[in-house]
1. Taking the residues in region 48-84 that are at pLDDT 95 or above and closer than 30 Å to Ala228 by Cα as candidates, determine which candidate is surrounded by the most Cβ atoms within 10 Å (Cβ to Cβ).
2. Taking the residues in region 58-105 that are acidic (Asp, Glu) and in a loop (DSSP other than H, G, I, E, B) as candidates, determine which candidate is nearest to Gly129 (Cα to Cα).
3. Check Leu209, Leu253, Leu239 and return the single one that is out of contact with any Phe, Trp or Tyr (no Cβ under 9 Å at 6 or more places or on another chain), of a type outside the set (Phe, Trp, Tyr) and surrounded by 15 or more Cβ atoms within 10 Å (Cβ to Cβ).
4. Inside region 14-28, can you point out the residues that are touching a Lys or Arg at 6+ places or on another chain (Cβ under 9 Å) and either at pLDDT below 95 or surrounded by 24 or more Cβ atoms within 10 Å (Cβ to Cβ) (or both)?
5. Limited to region 153-188, what total is found for residues that are within 17 Å of Gly129 (Cβ to Cβ) and in contact (Cβ under 8 Å) with a residue 60 or more places away in the chain?
6. Kindly indicate which of Gly117, Gly128, Gly98 is crowded, with 21+ Cβ neighbours inside 10 Å, out of contact with any Pro (no Cβ under 7 Å at 6 or more places or on another chain) and either in contact (Cβ under 8 Å) with a residue 60 or more places away in the chain or hydroxyl-bearing (Ser, Thr, Tyr) (or both).
7. If Asp221 satisfies every condition in (1) crowded, with 23+ Cβ neighbours inside 10 Å; (2) closer than 18 Å to Ser41 by Cβ; (3) in contact with a Ser or Thr (Cβ under 7 Å, 6 or more places away or on another chain) but one, which is the exception?
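The values are calculated or read from the model by the stated rules, or taken from the named source; none is laboratory data. Just so you know, these numbers come straight off a predicted model, no measurement behind them. Cβ: placed from backbone, ideal geometry, glycine included. Neighbour counts: every protein chain shown.
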Amino acid sequence: MEEIIYTEKPTLNNPYLVIGFEGWPNAGEVASFALQHLIGSLEARKFASIPTEKFYQVASLRPTAVIKEGRLIELKSQGNHFYYVKPPVSGDLILFYGVEPHLRWDLFTDLLLDVAGKFNVSQIFTVGGTYDYIPHTYPPLVSAVFNHEDLKEKVNQAGLGLTEYSGPISIHTFIIEAAKKRNVKAISLWGHAPQYLQTKNIKVVCSVLKRLIDLTGINVDLSDLEKASEYFEQQVNHLVEEDPKLQEVIRKLEEAYRQSERIPPPLRKEGDAKEEKVVYIQAFLKKSEDEEKKGP
């Protein structure tokens, strides 16, 4: 089995590499939606893939099927794909969108960095999402981890928080450490989603992409995403207005936020949140979206 399957070998000029994974480092669907938006908006072309067989437990990442009237129409497996963009104005770009592997992180990371080396990638960015004790009523927090001291000023100028964390890691940390050993500069961007909103957080996605644009200079249209972000916030505010308990939770978070020089209290493990403080609003948002499409 080939470790990387190429369908095309584009000619690129010192591109940036932007990496996002589904799975553990995808709270609020920040990574997956950010990469989907970049791939779609920039009309990126797929040129290579990493086969899944060596890196995943099938029981945890099952293939999916489409069956109609008893007939198998389609069988699909999750993929790890590379895309490229050659924009007319800003620099070249490689996008990687995959699923965080269950196994062999060292080999998987080497494959990513082999592609980076093959195309003379100038810098790597990983994009992820984490749940945090932070209120949605303030501008979203985007923090950063970097692997080279020269990047600190760049991170500060982009208005990014400097991550403070001790605990289990995602593959992002593995990647930026391995990149350092290969003398490739890398920044890991993290969008902090309020832990009481367990849903796709478009507002946080938009903030992460704005920071990525600031750091790279890539030309991405965010106008539709900004409108969707405003609509998302309206729906959340409507939900909060109908829930006194949630209002109290948010009030306490806002107070802690104001008293902190940086922002909210330290990050906690995902399982630490009490159930009554977590609001699953996916069904509410879907219902509201469907009602809007129907019109008056």
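1. This residue is Phe82.
2. We begin by selecting, within region 58-105, every residue acidic (Asp, Glu); these are 69, 74, 92, 100.
Next cut, in a loop (DSSP other than H, G, I, E, B) only: 69, 92, 100.
Working: Glu69: 39, Asp92: 25, Glu100: 13 Å.
Of everything passing the filter in region 58-105, Glu100 is nearest to Gly129 (Cα to Cα).
3. So the residue among Leu209, Leu253, Leu239 that is out of contact with any Phe, Trp or Tyr (no Cβ under 9 Å at 6 or more places or on another chain), of a type outside the set (Phe, Trp, Tyr) and surrounded by 15 or more Cβ atoms within 10 Å (Cβ to Cβ) is Leu209.
4. Within region 14-28, the subset touching a Lys or Arg at 6+ places or on another chain (Cβ under 9 Å) is 15, 28.
If the condition is that a residue be touching a Lys or Arg at 6+ places or on another chain (Cβ under 9 Å) and either at pLDDT below 95 or surrounded by 24 or more Cβ atoms within 10 Å (Cβ to Cβ) (or both), then Gly28 is the only one that fits.
5. Residues that pass the stated criteria total 10.
6. Selected residue: Gly98, the only one of Gly117, Gly128, Gly98 that is crowded, with 21+ Cβ neighbours inside 10 Å, out of contact with any Pro (no Cβ under 7 Å at 6 or more places or on another chain) and either in contact (Cβ under 8 Å) with a residue 60 or more places away in the chain or hydroxyl-bearing (Ser, Thr, Tyr) (or both).
7. Condition (1) is where Asp221 drops out.
Rundown of residues vs (1) modelled with pLDDT under 90; (2) out of contact with any helix residue (DSSP H, G or I) (no Cβ under 8 Å at 6 or more places or on another chain), yes/no style:
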position: Asn120; (1), (2): no, yes
position: Ile124; (1), (2): no, no
position: Tyr131; (1), (2): no, no
position: Ile134; (1), (2): yes, no
position: Glu149; (1), (2): no, yes
position: Asn156; (1), (2): yes, yes
position: Gly159; (1), (2): yes, no
